[in-house]
Structure formats: structure tokens, C-alpha cells
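Quick notes on the structure that follows.
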Amino acid sequence: MAKINCFLLDDQINSIERLTSLLHQTNQVEIIGDLCDPEKAVAQILKLKPELVFIDVEMPRMSGFEVVQEIRNKLFFPKFIFVTAYDQYAIKAIRAGAFDYILKPIDIDDLKEALERFNECQKKFHIPENCCLSEREKEVVELVLEGKTSKEIGEILNLSKHTVDSHRRNVLEKTNVKSFHELICTSNE
């Protein structure tokens, strides 16, 4: 199984070191970057394009929620797992579209479960290798899989609903299926 490319962002270096140690124990990830500075992390995440970002909530100058919004505003949509000592942010994290929420101190079993869910989620949708989707079409697919409507996708990507629907049709034509549901089911076989 391919390892998950991930990035770690926490303002406490000891938290990054602990998470790094735990992630290495799972043998499921490749850490492609880590930082303690949220502002620098935004640029690094956009440059390195990790599949998964482990992110703290409370950090100086920028919260984890602000980092997530900044990255999405730049039209990059990795999955985010919030890792924090505060349970009061769980609902806000869910509303912000977090993939998962893990409390510190991190339990290795919680971490393994989150990674297993991530892997299951990735298996649910796979674009065939011979299919060349544009970057915009890939963004639309990602947002459809997050449950967004064409109108919501249009607002996120600054496109009209008509343009989003056009991209959706193109994806279905290129992948030779009738619906996104069929595309997801086909990739599970």
C-alpha cells in the first residue's frame, strides 16, 4: 500500500516530535514537511501538496481554522485532521470540513483509526490512470465527493453553477460513467 503524504503543523515542537514518532510507528505515512509557524506552513503546504495535514487549532497569529481557510482559498483541498488539547473545537472543526479530530495526548489507536478511515476514503474514489482530467475538473470532483452542490462548488471556486455543471459532465464523459455514484462504486471493484 502506498504511504500517505502528510504535513504536520503545530506551534509546539515537542508536539510535532511526538506525532512524528507515533506516525512512524503506524508505518502508513511519509511526512513530507512540518512547521511550527502557521503563516509559513500555508506556503509550504501549497508547494508540497500533501494528501493529509495534521494541524493544531490554537497557534499564534493564525488559528488552525484560518490556515485551513487560507489553503482552500488557494484552491487546494487536502484532508485535515485537527490535533489539539481542547475538545471545545470539535463542532467547529466538523463545520470547517475536518476529516478528523484527535485530542492530545494522542492515543496511537485513535491515530491508526484515523489513518484507516483516510485510506478507506481514498479507495472509494480513484480516477482511472488513462483519464486526463484538468486541474479544475479534479477540484470539482474533490468537492463533489465532499458532498457539495454545484452552487456551493461555484461559490468556492468562483465559477457559475452552469460552468460547474459543465465540468461535472466532462468528468463523467471522460471516465465513461453515467453518475458520480457509479464512478465511486466502479472504483471500489
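The values are calculated or read from the model by the stated rules, or taken from the named source; none is laboratory data. Note that the structure is predicted; figures quoted are calculated from it, not measured. Cβ sites come from the backbone with ideal geometry, for glycine too, and all protein chains shown count toward neighbours.
Annotations for the structure displayed:
- Out of Glu17, Glu30, sole residue that is within 26 Å of Asp109 (Cβ to Cβ) and outside any helix (DSSP H, G or I): Glu30
- Selection status of Gln28, under 22 Å from Cys121 (Cβ atoms) and either modelled with pLDDT of 95 or more or in the same structural domain as Ala96 (by TED's automatic domain parsing) (or both): yes
- Set Lys178, Lys148: member being crowded, with 17+ Cβ neighbours inside 10 Å, modelled with pLDDT under 90 and outside any helix (DSSP H, G or I): Lys148
- Breaking point among (1) among the aliphatic types (A, V, I, L, M); (2) within 24 Å of Glu139 (Cβ to Cβ); (3) touching a Ser or Thr at 6+ places or on another chain (Cβ under 9 Å), for Val67: (3)
- Taken together, Ala93, Ala98, Ala85, Ala114 contain a single residue that is assigned by TED's automatic domain parsing to the domain that holds Lys40, out of contact with any Phe, Trp or Tyr (no Cβ under 8 Å at 6 or more places or on another chain) and either farther than 19 Å from Ser15 by Cβ or not hydroxyl-bearing (Ser, Thr, Tyr) (or both), which is Ala85.
- Residue match in region 79-86 (condition: loosely packed, with under 13 Cβ neighbours inside 10 Å and within 18 Å of Glu39 (Cα to Cα)): no
- First in region 81-92 and under 14 Å from Asp56 (Cβ atoms), second anywhere and basic (Lys, Arg) and at pLDDT 90 or above, Cβ under 7 Å, 6 or more apart: Val83/Lys104; Thr84/Lys104; Ala85/Lys104
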